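So the structure is just underneath, and the comments pick up after that.
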Amino acid sequence: MERVYVLEPGAYLRKEDGNLAVVRHGRTVERVAFDGLKTLTVMGYGSLSGAVLKALVQHRVETVLLSPTGRFEARLVLDEHKHVERRRAQYLVLSNPARTAQIARSIVAGKLRAQARFLLLRGQQYDDERLLAAGTAIRALERGLPAQPSLELVRGAEGHGSRIYFGVFGLLVRNPAFTFTGRTRRPPRDPINALISYVSTVLTAEVLSAISRVGLDPYLGALHEVAYGRPSLACDLVEEWRTFVADRLILGLVNRRAVSPEGFILRPAPEAFAHEDELTEKRPVSMKPGTIRALMESYDTWMSTRTRDPLADDHTTLRELILRQVRRFAAHLVGEAPEYRPFPWELVR
Amino acid sequence: MAATPQPRPVDFGLILARLEHLALTGADPEALRQLLSERELLEELDASQLLRWARCAQMAQDRDAAHAALETLHQRFPHDALGWQEHHALLETFGDTPGLMRLRALCQQLAPEHLGIVSRVPKPSPEPQDPPVPEAPFTRQAHMEELIRHYMHIFRGREDCFARQWVDKATGKSGYVPVREPLTPAAVREHLAGLRTYGIYLLTQSGRTYLGVIDADLRKELRGARLDGRERHTVRRELAYLLGRLPELAAEQKLHCITEFSGGKGYHFWFPFAEPVDPAAVRTALGRLAARLQPDLTAFHLEVFPKQDTLSGKGLGNLVKLPLGIHRLSGKPSRLLPGTREDMVRQLERLQGVVLNAASVLESLPPAAPVLPHPAAAAWAEDFPTLHTLTQACPLVAGIVALCRQRRALSLREERVLLGTIGFLPERRQVLHALLGDQENYNPHLVDYKISRLRGTPLGCRKIHALLESTRDLCPAPGPVRYLHPLVFVPGWRLEQAEVSERITNLQDALRELRRAMDLVHRFLPAH
């Protein structure tokens, strides 16, 4: 097994006969071989033994810790003895404001292209002029981005594009049991926002894992400025995947009525939260454990969906596509490619 | 004379940069709208500026302004291919057919060399199909929730309280502690997954019950210890009899039950009701069933729950471990019967077909109803009525027949009892082939041979008890009989009907048989 998600609260991970054993209430509920294990995601209040920690390091298993609500909290950082050249190139390139702006422009253009294409496709499919108008506006945003923009303008365009996109996102929800009136983060205030935030976190962890495998520093990006504890490069490189990977999955599950409102706990919540603990305690909406489990299973299957990679002219999984794109990004940093081009969804047929 | 200062030319580049900034960032929508409405500026812009203006108008979702800028571009710079291209894309996006026709006419008039751009017909199905979204995990989850809801509907007890089983493996003791909260689907899920084990208090807060239970426990001396062959066979036979007979007797009273291996000492027969009923009435009905069956059983003890008529206010009344899940002391999983250790979902799915008993059944219990076959055994009873009568009369033979019907292997002694009793029925061949046909080592020729070798009279009850090492008392004879055997309980049975083919009644017959046997032996001897 390549990926293991430990979602149950109170799980304890220990090493048993060279395997990773997930223990709950003193009983081993799952046993996974360390050989072949690539990623371990522990959500909530799981704990692990020293022997497991050592084995994870020895097998170079990407280990990500998420909060009980699915927020990224930490990652087991392994000693990156390889790829020094790549990281040096990353620091050099991303210290140059002009290059940084150029890369950010490319990332935002990719995101806008994906959003526009998605809205135009759905607009035609649903015969909805509002979706078409929003798609056209975002397409114009992408085409109107100056060749040498400032970083502020790029960020402004990205934000404006997202406002237009989420302004019509509710029209993409075709399940009367759900409504979407706008994007809300920290905390999400309705089930759709909760789904978007959750999948976004897991997807970012996926990109972060790919960045680590390629040997880049996930904390220095172009579009997202450096902030304490924020994997800015992962936040940058996840942008091109949000629409066609995350949103398409969420909308598919909601519109096909796989997800139901009964899978969420809704609470009356204050308009504003005084501190982090209050935000955690009084989340307006949270997913039930069963919904999280089913969502993670769906996500895992979805990431194994094979898609055509027009740049390599072959078919591979979405997970592998993410790794390939990170490698292409690294190739651009070390000067092997003149520019970084986000994944061309428009060429996928 | 000083020269009059010339008015500074308007820098349209600056205006356009401001327009672009507003459009790209969405910073001030009102200012953007205002600026886009100043159409006279379009006459002052060059081709690339007009295109940028049109894009800004699209960003602001002002289609009229975009069309105006693009039409100005076509009129003033008809050879600008990019303008024609973007205008065509804009009209095509909205499926504006009249607009596309007008554009084509304008292009033909102003720049026929670009007619190919604006005449492009959209492909009929240009876009890919979305890959299917993996919704199976949610479907499975919803199905499981539905199954748990149904499970909780069947196994309902006290509303505000349930119990958790504890175990002390060091001392081998276990018990239950009350959990003072309503049973939740999450707790049931835990129970089913074997993480915790829960029980329910049968009496509701109003002193009624939704459930009656007959608990069939293996006697203490037969538990855990290694059983000898006799005990093992007794337990096996009585168990087969119990599992078949109790639902039969219940059906006779129009009561349906769910049979469960408890994972611990024995078996639970759950009688779920559609509405809360009087515990005393349930106990009376189930007590009657238990009383009819108990004399036939030596290895199992039957107990009926709930034992209370009302709640005294001091305690919570009887509790029973919920079905499925794991018995904490034995560590064995509980399962529904009949059936193998199927996965949990299939076990729960079987509960969906369960019929809840009506309360009215308890009000109209017949005083002593005649023995009726269980629907599952109806075909057997119809095909072999004599066998049915025989199994009603003799629990030991009934146990062996139940083993056959469950396709369980018979011991040599059990097979001998079967042949020694059923072998003397008129329809013995059909019955014995039907019974033994499902045995793993079934050989029709051998069965025929064994039937042909039957001699004399059926096995007597004493002999059967001795062979099966039964410790139960002999049944009282139906009338004055000199030789007690199970077939005397079958009305109208006579030995002559049995048509024993090779009966030896005198010395002549004996000599004839001996000669035949010797001929047979000679046939296989070498010639010299």
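The values are calculated or read from the model by the stated rules, or taken from the named source; none is laboratory data. Note that this is a predicted model, so its numbers are computed, not measured. So basically every Cβ, Gly included, is an ideal-geometry build from the backbone, and we count neighbours across all protein chains shown. Protein only, heavy atoms only, side chains kept; ligands, DNA and RNA dropped before computing areas. Shrake-Rupley method; radii C 1.70, N 1.55, O 1.52, S 1.80 Å.
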Exercise. Residues A:Pro342, A:Pro270: which one is in a loop (DSSP other than H, G, I, E, B) and at pLDDT 85 or above?
Worked result: A:Pro342
For this session: Can you confirm whether region A:175-194 contains a residue that is part of a helix (DSSP H, G or I), under 30 Å from A:Pro289 (Cβ atoms), away from chain B (no Cβ under 14 Å) and among the hydroxyl-bearing types (Ser, Thr, Tyr)?
Result: no
For this session: Just give me the residues in region B:180-201 being over 24 Å from the mean Cα position of the chain (by Cα) and buried (at least 17 other Cβ atoms within 10 Å of the Cβ), in sequence order.
Result: B:Tyr201
Exercise. Within 14 Å of chain A (Cβ to nearest Cβ), outside any helix (DSSP H, G or I), open to solvent by less than 70 Å² (accessible area, probe 1.4 Å) and under 21 Å from A:Ile164 (Cα atoms) - does that describe any residue in region B:62-83?
Worked result: yes
Exercise. When you look at A:Arg24, is it touching a Gly at 6+ places or on another chain (Cβ under 7 Å), without any contact (Cβ under 8 Å) to a residue 24 or more places away in the chain and open to solvent by 20 Å² or more (accessible area, probe 1.4 Å), yes or no?
Worked result: yes
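Table: residues versus (1) at pLDDT 90 or above; (2) in contact with a Ser or Thr (Cβ under 9 Å, 6 or more places away or on another chain); (3) at the interface with chain B (Cβ under 10 Å from one of its Cβ atoms).
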site: A:Pro68; (1), (2), (3): no, yes, no
site: A:Glu85; (1), (2), (3): no, no, no
site: A:Gln125; (1), (2), (3): no, no, yes
site: A:Leu131; (1), (2), (3): yes, no, no
For this session: Return the only residue of B:Leu302, B:Leu324 being part of a loop (DSSP other than H, G, I, E, B) and in contact with an Asp or Glu (Cβ under 9 Å, 6 or more places away or on another chain).
Result: B:Leu324
Exercise. Can you spot a residue in region A:104-123 that is within 13 Å of chain B (Cβ to nearest Cβ) and out of contact with any helix residue (DSSP H, G or I) (no Cβ under 6 Å at 6 or more places or on another chain)?
Worked result: yes
Problem set entry | Top-ranked residue in region B:435-466 [being under 41 Å from the mean Cα position of the chain (by Cα) and of a type in the set (Asp, Glu); ranked as most open to solvent (accessible area, probe 1.4 Å)] | B:Glu440
Exercise. Could you say which residue among B:Phe271, B:Phe300 is open to solvent by less than 20 Å² (accessible area, probe 1.4 Å), at pLDDT 85 or above and touching a His at 6+ places or on another chain (Cβ under 8 Å)?
Worked result: B:Phe271
For this session: Looking only at region B:278-295, decide whether some residue is assigned to a strand (DSSP E or B) and within 31 Å of the chain's Cα centre (by Cα).
Result: no
Problem set entry | In region B:102-133, residue farthest from the chain's Cα centre (by Cα) [restricted to those that are at pLDDT 65 or above and within 11 Å of chain A (Cβ to nearest Cβ)] | B:Gln129
Problem set entry | Residue identified as part of a helix (DSSP H, G or I), more than 14 Å from chain B (Cβ to nearest Cβ), open to solvent by less than 70 Å² (accessible area, probe 1.4 Å) and modelled with pLDDT of 90 or more among A:Leu249, A:Leu253, A:Leu233 | A:Leu233
Exercise. When you look at A:Asp217, is it modelled with pLDDT of 80 or more, open to solvent by less than 10 Å² (accessible area, probe 1.4 Å) and more than 14 Å from chain B (Cβ to nearest Cβ), yes or no?
Worked result: no
Problem set entry | Members of region B:403-462 that are within 17 Å of B:Trp380 (Cβ to Cβ), polar (S, T, N, Q), in contact (Cβ under 8 Å) with a residue 60 or more places away in the chain and not in a helix (DSSP H, G or I) | B:Gln406
For this session: Considering every residue within region A:324-340, establish whether at least one is of a type in the set (Val, Ile, Thr), crowded, with 18+ Cβ neighbours inside 10 Å and out of contact with any Ser or Thr (no Cβ under 9 Å at 6 or more places or on another chain).
Result: yes
Seminar exercise, completed: All-but-one check, B:Leu115 against (1) open to solvent by 80 Å² or more (accessible area, probe 1.4 Å); (2) in a helix (DSSP H, G or I), failing number (1)
Seminar exercise, completed: Across region A:148-174, the tally of residues that are aliphatic (A, V, I, L, M) and either within 8 Å of chain B (Cβ to nearest Cβ) or surrounded by fewer than 20 Cβ atoms within 10 Å (Cβ to Cβ) (or both) stands at 6
Problem set entry | Answer from B:Ala240, B:Ala280 - the residue that is of a type in the set (A, V, I, L, M), at pLDDT below 90, out of contact with any strand residue (DSSP E or B) (no Cβ under 8 Å at 6 or more places or on another chain) and open to solvent by 10 Å² or more (accessible area, probe 1.4 Å) | B:Ala280
Exercise. Counting just the residues of region A:27-45 that are under 26 Å from the mean Cα position of the chain (by Cα) and over 17 Å from A:Val61 (Cα atoms), which one comes out least open to solvent (accessible area, probe 1.4 Å)?
Worked result: A:Gly44
Exercise. So B:Ala57 fits all but one of (1) open to solvent by 10 Å² or more (accessible area, probe 1.4 Å); (2) within 14 Å of chain A (Cβ to nearest Cβ); what number is the exception?
Worked result: (1)
Problem set entry | Qualifying residues in region A:297-321 (those that are in a helix (DSSP H, G or I) and open to solvent by 10 Å² or more (accessible area, probe 1.4 Å)) - the one farthest from B:Glu190 (Cα to Cα) | A:Glu320
Exercise. Of the residues that sit in region A:136-147 and are open to solvent by 30 Å² or more (accessible area, probe 1.4 Å) and in a helix (DSSP H, G or I), which one is farthest from the other protein chains (Cβ to nearest Cβ)?
Worked result: A:Glu142
Exercise. Since B:Ile214 meets every condition but one in (1) open to solvent by less than 70 Å² (accessible area, probe 1.4 Å); (2) assigned to a loop (DSSP other than H, G, I, E, B), which condition does it not meet?
Worked result: (2)
